[in-house]
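Every number in this text was worked out from the coordinates using simple rules, so none of it is lab data. On a predicted model such as this, the values are computed, not experimentally measured, just so you know. Methodologically, a virtual Cβ is constructed for each residue, glycine included, from the backbone with ideal geometry; neighbour enumeration extends over all protein chains shown.
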Amino acid sequence: MAAEFGLKMIRVNSLSPGPISTRATSGIGHFDILMNRAVELAPEHHLVSLEEVGAFAAFLVCDGAKSITAGIHYVDGGYHIVG
């Protein structure tokens, strides 16, 4: 998609957050275990917040990120390198 839309100067990125406690996730069995594991193993030892994910998304749409495209960006306190 990034290659196709890049011709129109449209950037394509994706965000991959770590486990986030929400009303929706409260219905997932054993999700608390996943969240505790993320806190334990992630280099920053905390869960990511919706605000942190939103802040990164806002950055990606600003002019400061105009050359960032075709990426999968992890917003998970480093959990993806150990999980």
Which of Ser14, Ser67, Ser49 moves most in a GNM of the chain, Cα contacts under 10 Å? Ser67
Given charges at Cβ of Lys, Arg, Asp, Glu: the chain dipole, positive-most of Ala55, Ile10, Leu41: Ile10
Under a GNM of the chain (C-alpha, springs under 10 Å), which listed residue has the highest mean-square fluctuation: His46, His73, His30? His30
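Return the loop-located trypsin sites (Lys or Arg not before Pro) in segment 1-67 (DSSP other than H, G, I, E, B) with at most 13 other Cβ atoms within 10 Å of their own Cβ; answer none if there are none.
Listed in order of number, the matching sites are Lys8, Arg23, Lys66.
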How large is the helix-only mean residue ellipticity at 222 nm for the chain, computed as the sum of -39500 (n - 2.57) over DSSP H runs with n ≥ 4, divided by its residue count, in deg cm²/dmol to the nearest 500? -9000 deg cm²/dmol
To the nearest 20 debye, what is the magnitude of the charge dipole of the chain about its Cα centre, counting +1 on the Cβ of each Lys and Arg and -1 on the Cβ of each Asp and Glu? 280
Mean separation of Cα contacts under 8 Å (6+ apart) over length of the chain, as relative contact order %: 45
Can you pull the one-decimal nm distance between simple spin-label points at Glu4 and His80, each 7 Å off the Cα toward Cβ? 2.3
Tensor-based shape of segment 17-62 (alpha-carbon gyration tensor, a/c under 1.5 rounded, otherwise prolate or oblate): oblate
